[in-house]
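The values are calculated or read from the model by the stated rules, or taken from the named source; none is laboratory data. Computed from a prediction, not measured in an experiment: that's the story for all the values here. Don't worry about glycine lacking a Cβ; one is built from the backbone with ideal geometry, like all the others, and counts go over all protein chains shown.
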Amino acid sequence: MATVKTATLTFRIEPGLKEALRIAADLEHRSIANMVEVLIRDHCERQGIAIVHSEEAENSNGAHS
């Protein structure tokens, strides 16, 4: 099985939100990056937004593995 390549995401956030994110991540024994991923996935699921995985995106663009 091929390893999924991750993308880098850089953004600025208010210090209070960052601290709240850190606390939430600590409470769930997660890294901040993993907590952000969980929050995004949960939001997308609630909104009915499909998450296209890397392999599916490549295949839909005509690339073959």
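General remarks:
- Test: residue 3 is modelled with pLDDT under 90 and loosely packed, with under 11 Cβ neighbours inside 10 Å: yes
- Pairs where the first residue, in region 14-39, is more than 24 Å from residue 51 (Cβ to Cβ) and assigned to a helix (DSSP H, G or I) and the second is modelled with pLDDT under 95 and among the β-branched types (Val, Ile, Thr), C-beta under 6 Å, 6+ apart: none
- Qualifying residue in region 44-65 (condition: at pLDDT below 95 and at positive phi): yes
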